[in-house]
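Heads up, the thing below is written out as structure tokens.
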Amino acid sequence: MYFRSALGRFPTGVTIVTAEHPDSGAPIGLTISSFSSVSLEPPMVLWSLTQAAASLDAFLRLERYVIHVLSASQIDLARHFAKGPQAQRFAGQALERAPNGTLMLADSRCAAWFECHNTQQHRAGDHFIFVGQVEHCSRQLLSPLIYHAGDFELTQASEPLSRN
């Protein structure tokens, strides 16, 4: 599809969203590249999920989720969470809790993470847009994993322009 190819000319970061299923408490998570900041005051971010996703209903009803910004060293993790049954995605994964108790990956290679309150969902075409108010976050000075033109790319390691 030409439109998808044109969108692929814009590089994006790669993230994994994790939470617990609101009914069963089982871990749920998936790889996404549709992540963006919305607001600094209050701190808010957004991401989108296709209406065809098996986990859509659960994410619509969750109170909180964690968005993990992947580093260039986590390409295998990005692929692992991109497909397959939820239980398989979490098999062998170390997990921990964010400050408000939200399930998250215990992987020190993440460039950043955001624990979010699931404040808004908006139907938009064949996706839902999720807006989360950031309650806690952390970051490391690591090069991010990039998705561009339909594939993952590794970013060059370099000294950041700012330490903020």
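Throughout, read-outs are computed from the coordinates displayed, never taken from laboratory work. No experiment lies behind these values; they were computed from the predicted model shown. Using ideal geometry, Cβ is built from the backbone for each residue, glycine included, and neighbour counts are taken over all protein chains shown.
Numbers for the structure displayed
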read-out	value
The chain pair-distance distribution - Cα-Cα, 5 Å bins, rounded %	2, 8, 18, 22, 23, 16, 8, 3, 0
Net +/- balance of residues flanking Leu103 in space, Cβ distance below 11 Å, scoring K and R +1, D and E -1	-1
Rg over Rh [alpha-carbon atoms, Kirkwood Rh] for segment 53-147	0.95
Where the Cα pairs of segment 55-100 fall when distances are cut into 5 Å bins, in %	4, 14, 22, 29, 22, 7, 0
Net charge of Cβ neighbours under 10 Å - reference Ser71; Lys, Arg +1; Asp, Glu -1	0
Positive minus negative residues near Arg61 (Lys, Arg vs Asp, Glu; Cβ under 14 Å)	-3
